[in-house]
Amino acid sequence: MRLLHTSDWHLGRSFHRESLHDAQRAFLDHLVEVVRSEGVDAVLVAGDVYDRALPSLDAVALFDDVLHRLAELGVPTVFISGNHDSARRLGVGAGLIGRAGIHLRTDPGACAEPVLLADEHGPVAVYGLPYLEPTLVRERFGLAKGGHAAVLGAAMEQVRADLAARPEGTRAVVLAHAFVTGGAPSDSERDIAVGGVAAVPASVFDGVHYAALGHLHGCQTLAPHLRYSGSPLAYSFSEARQRKTMWLVDLAADGTVAAERVDCPRPRALAALRGTLAELLTDERYTEDEQSWVQATLTDAARPGEPMEQLRRRFPHTLQLLFDPEDGGTEPARSYASRVSGREDLEIAEGFLRHVRPGAEPEPDELGWLREGFEHVRTDADRKADLPR
């Protein structure tokens, strides 16, 4: 069986205020063409279909269009909700849409209810595990406590129990949206650490033949049967060197996997440039970056006048300007955004406490209150996003 594994579309997202609507539409056109030209038997979309719980009308229109086109091809497609999606909104009409071969898996209570496919070698059970926020789903899995590893482990126990009751030789595929130990993150993923330890061990997925993972934006292989497709477009300059692809996966009769990467269309190259303003404006090394989306870090001792205007004369698509004086000049070494980039919310709050109380470490009670506060805000936002309007 030939599977196309993709994830993290983030429909509706922009790139430093640059609209990506046309680029996302071009990607979806490309996906449909790959399904047609490569003889794909099923499409797997491992979460974060949208960039936010309340997507824009343009984003919804893109999603609606690709659903119709995949249904017209008659190729079964399985979606799961990610941590950016509103599970209830994405899952609206799932039963009806499922009759067209488009399977929306957003209910944590249905993890052990697979989409059943088949080829000449027998059945393939595709289990969709939506993003599982520990504080919202623990009780459903009979857990009094525990983080991401615990709830995902409980979901996988249900999957294995269902699989054991199926005919011998049934091949199992799982979609999951999680941070698996060994994966390499990017700056553009939303932190999922609050509520417990974020990372889950790869052993959670023991017993299945292929795990199509979503959440991390870089394409990567943790094991032959355990892969992230990554996002089809770059959503931060930390992804400048990433090759954006999907996985074309061939699942053999015995469950072994052969996979190859299929490149996604790139709307514009990314370039992270560093140097003095004069160097960036004159150095011939940067000629090939003149039409790229540019992040420029200036190392001048003093901030130059009108640096963005000057940069855009050579690099018209400069989107981000940072300052990092190499001689430790009077300017701040880095912008606040760059200093906190990649840090978890709790870590940033702890740093603030140390900053306003030099020499004093946060008390254990204070850390507990901070964790509780972040967890409350996050879960409350998730609940509100899923309330009917």
Summing Lys, Arg as +1 and Asp, Glu as -1, what charge do residues with Cβ under 13 Å from the Cβ of L70 carry, L70 excluded?
-4
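Take the Cβ-Cβ distance between T221 and A61 as r, set R0 to 45 Å, and report the resulting FRET efficiency rounded to the nearest 0.05.
Rounded to the nearest 0.05, the efficiency is 0.85.
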Crossing angle, helix 364-385 versus the chain [Cα axis fit, 0-90 degrees, rounded to tens]
60 degrees
Fraction of accessible area attributable to carbon and sulfur, the chain (%, probe 1.4 Å):
50 percent
Indicate the gyration tensor shape class of the chain (rounded, prolate or oblate), computed on the Cα atoms with a ≥ b ≥ c the square roots of the eigenvalues: a/c under 1.5 is rounded; otherwise a/b larger than b/c is prolate and the rest oblate.
oblate
Sticking with the crude label model, points 7 Å out along Cα→Cβ, report the distance from L281 to H16 in nm, one decimal please.
1.9 nm
Degrees between helix 345-356 axis and first principal axis of the chain (Cα, 0 to 90, nearest 10):
30 degrees
For region 1-110, I need the span (max minus min coordinate) of the C-alpha atoms along each principal axis, in Å, sorted largest to smallest.
40, 35, 19
So what's the back-of-envelope 222 nm ellipticity for the chain, counting only DSSP H runs of four-plus at -39500 (n - 2.57) apiece and dividing by all residues, rounded to 500?
-9000 deg cm²/dmol
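Provide the percentage of antiparallel DSSP beta bridges, counting only those with both residues in region 24-161; round to the nearest 5. If you can, show how the numbers build up before the last one.
Values: 5 of 13 bridges.
Around 40 percent antiparallel, to the nearest 5.
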Build a GNM of the chain with springs between Cα atoms under 10 Å: which of G305, G91, G101 gets the top mean-square fluctuation?
G305
Reduced Cα scattering model of region 91-227, Debye log10 I(q)/I(0), q = 0.15 Å⁻¹
-0.77
Convex hull volume of the Cα atoms in region 100-149, per residue, in Å³?
89 Å³
Kirkwood hydrodynamic radius of region 235-296, Cα pairs, Å
14.5 Å
Counting only DSSP beta bridges fully inside the chain, the antiparallel percentage to nearest 5 is 35 percent
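Restricting attention to region 19-115, which GluC sites (Glu not before Pro) occupy a DSSP loop and are surrounded by at most 15 other Cβ atoms within 10 Å?
Within region 19-115, the qualifying GluC sites (Glu not before Pro) (loop, at most 15 other Cβ atoms within 10 Å) are E38.
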Three-way shape label, region 40-159, alpha-carbon gyration tensor, a/c 1.5:
oblate
Angle, helix 21-37 long axis vs. longest principal axis of the chain, Cα atoms, 0 to 90°, nearest 10?
40 degrees
Over the Cα atoms of region 64-128, compute the convex hull volume and normalise it per residue, giving Å³.
92 Å³
What nm value, rounded to one decimal, do you get for the distance between D263 and E344 when each label is placed 7 Å out toward the C-beta?
3.8 nm
Calculate the spin-label point distance for S37 paired with V92, positioning each point 7 Å from the Cα along the beta-carbon direction, and give it in nanometres.
3.5 nm
What accessible area per residue, rounded to a whole number of Å², is obtained for the chain using a probe radius of 1.4 Å?
47 Å²
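The values are calculated or read from the model by the stated rules, or taken from the named source; none is laboratory data. Quick caveat: nothing in here was measured; it's all calculated off a predicted structure. Quick reminder, even Gly has a Cβ in these numbers, built from the backbone with ideal geometry, and neighbours come from all protein chains shown. Heads up: the accessible areas ignore ligands, DNA and RNA and are worked out on the full protein's heavy atoms, side chains in. Shrake-Rupley method; radii C 1.70, N 1.55, O 1.52, S 1.80 Å.
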